[in-house]
Amino acid sequence: MEPNELDLSRLTTEEINPASKDLDALPTLEMLTVFQREDRKVAEAVEAELPRIAAVVDAAAACLQGGGRLFYAGAGTSGRLGVLDASECPPTFNVPPGLVVGLVAGGDYALRNAVEGVEDQPAAGAADLREHGFTGADMLVGIAASGRTPYVLGAVEEAERMGAATAGIACARGSVLSSKVRYPIEVVPGPEVVTGSTRLKAGTATKLVLNMISTGVMVRLGYVYSNLMVNVQPKNEKLIDRAQRIIMAIAGVDRAAAARALEKSGMDVRTAAVMAKLGVEKAEAVSRLAACGGRIRGAIG
């Protein structure tokens, strides 16, 4: 092999999986059984990294509490998963659209189309961060199943240069990405059923980790009470119904009382829950929440 020739065969994400040998020759049920058996390994791989994931959650929560933003950067499947997670935060937790930002190599066009060349450009990752006004007060989570995607490494190096907190999600052990970030996460579920297709186990593992990071951060910020989505935006019938049921569960009131509190609160679920639970007016509920950083548990306790 020539000195400059790229060889990825030693990466876990590129290894051939003996468990799926002759996959194309198997009956459909047996083929799917192979998939299922391999997918079981994903949860175990995530469990092994829980302490590292917890460190990222705490770092990201501190960043947002300090006025910063959370960024994800990735290429291909990894980038799309980051954009998906970021885009779900506003409707789920009623946070500003720019609080969690997903960047994918190739931009929005790459969400629906393959844009392969951009992932090999470190400068593109750095440029995308600068274009979105990234600063040292923000936090970047680089996502790369292989742990070596140049676009992601370029973004991480730019974030580090600015003094920002950085984390990495890789599905390979001892990755370059992990060596570049302050908070490495290496979820290694093993070789893919279809060799190199990291949208499979690696993609599932990445989605699970992103679910934990974004949801964990929002829990730490007070946007979840018990296991209830208390910062939901009641903007349609389904969400109004959910908001009323949340208030009923917290305050122990009936549907009519919950609806009245929600209306009087200006359609703010947390305020309405405190009003209904304590029998106070909106101003006092707002004051109590403000004194507790928006956390219902403190406001009613």
Which pairs turn up if I take residues in segment 203-218 that are within 11 Å of ALA60 (Cβ to Cβ) and look for partners that are among the charged types (D, E, K, R) with beta carbon separation below 9 Å, at least 6 apart in sequence or on another chain? ILE213/ASP85; SER214/ASP85; SER214/GLU88; GLY216/ASP58; VAL217/ASP58
Here are the criteria: (1) modelled with pLDDT under 95; (2) in a helix (DSSP H, G or I). Tell me which single one ARG10 does not satisfy. (2)
With the requirement that a residue be part of a helix (DSSP H, G or I), out of contact with any Ser or Thr (no Cβ under 9 Å at 6 or more places or on another chain) and not small (Gly, Ala, Ser), what does segment 265-287 give you? VAL269, ARG270, LYS277, LEU278, GLU284
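Do the conditions hold for ILE250, that is, is it of a type in the set (A, V, I, L, M, F, W, C), crowded, with 18+ Cβ neighbours inside 10 Å and either assigned to a helix (DSSP H, G or I) or free of Cβ contacts under 8 Å to residues at least 60 places away in the same chain (or both)?
Values: of a type in the set (A, V, I, L, M, F, W, C): yes; crowded, with 18+ Cβ neighbours inside 10 Å: yes; either assigned to a helix (DSSP H, G or I) or free of Cβ contacts under 8 Å to residues at least 60 places away in the same chain (or both): yes.
Yes: the conditions hold for ILE250.
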Of the criteria (1) in a helix (DSSP H, G or I); (2) touching a residue at least 24 places away in the same chain (Cβ under 8 Å); (3) not aromatic (Phe, Trp, Tyr), which one SER87 fails: (2)
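State yes or no: is ALA62 surrounded by fewer than 19 Cβ atoms within 10 Å (Cβ to Cβ) and within 25 Å of SER146 (Cα to Cα)?
Working: surrounded by fewer than 19 Cβ atoms within 10 Å (Cβ to Cβ): yes; within 25 Å of SER146 (Cα to Cα): no.
No, not satisfied.
Hey, does segment 46-56 have a residue that's assigned to a helix (DSSP H, G or I), among the β-branched types (Val, Ile, Thr) and closer than 17 Å to ARG220 by Cα?
Of the residues in segment 46-56, the ones assigned to a helix (DSSP H, G or I) are 46-48, 50-56.
Add one more test, that the residue is among the β-branched types (Val, Ile, Thr), and what stays is 46, 53, 56.
Then keep just the ones that are closer than 17 Å to ARG220 by Cα; that gives 53, 56.
Yes: segment 46-56 contains one or more residues that are assigned to a helix (DSSP H, G or I), among the β-branched types (Val, Ile, Thr) and closer than 17 Å to ARG220 by Cα.
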List the pairs whose first member sits in segment 11-31 and is within 22 Å of ALA172 (Cβ to Cβ), whose second member is part of a helix (DSSP H, G or I) and of a type in the set (Gly, Ala, Ser), and whose Cβ atoms are under 7 Å apart, counting only residues at least 6 apart or on separate chains? THR13/ALA202
What number of residues within segment 57-78 are closer than 23 Å to GLU119 by Cα and without any contact (Cβ under 8 Å) to a residue 24 or more places away in the chain? 0
Which one of these is modelled with pLDDT under 95 and closer than 23 Å to THR12 by Cβ: THR206, THR166, THR195? THR195
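One line per residue, one yes/no per condition, for (1) in a loop (DSSP other than H, G, I, E, B); (2) touching a residue at least 60 places away in the same chain (Cβ under 8 Å):
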| residue | (1), (2) |
| --- | --- |
| GLY106 | yes, no |
| GLY142 | no, yes |
| TYR151 | no, yes |
| PRO184 | no, yes |
| PRO189 | yes, yes |
| GLY196 | yes, yes |
Suppose the filter is assigned to a strand (DSSP E or B) and crowded, with 22+ Cβ neighbours inside 10 Å; does THR206 pass it? no
Do we have any residue at all in segment 232-244 that's more than 20 Å from VAL95 (Cα to Cα) and touching a residue at least 12 places away in the same chain (Cβ under 8 Å)? no
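The values are calculated or read from the model by the stated rules, or taken from the named source; none is laboratory data. Everything numeric here is computed off the predicted structure, so don't read it as measured data. Cβ: placed from backbone, ideal geometry, glycine included. Neighbour counts: every protein chain shown.
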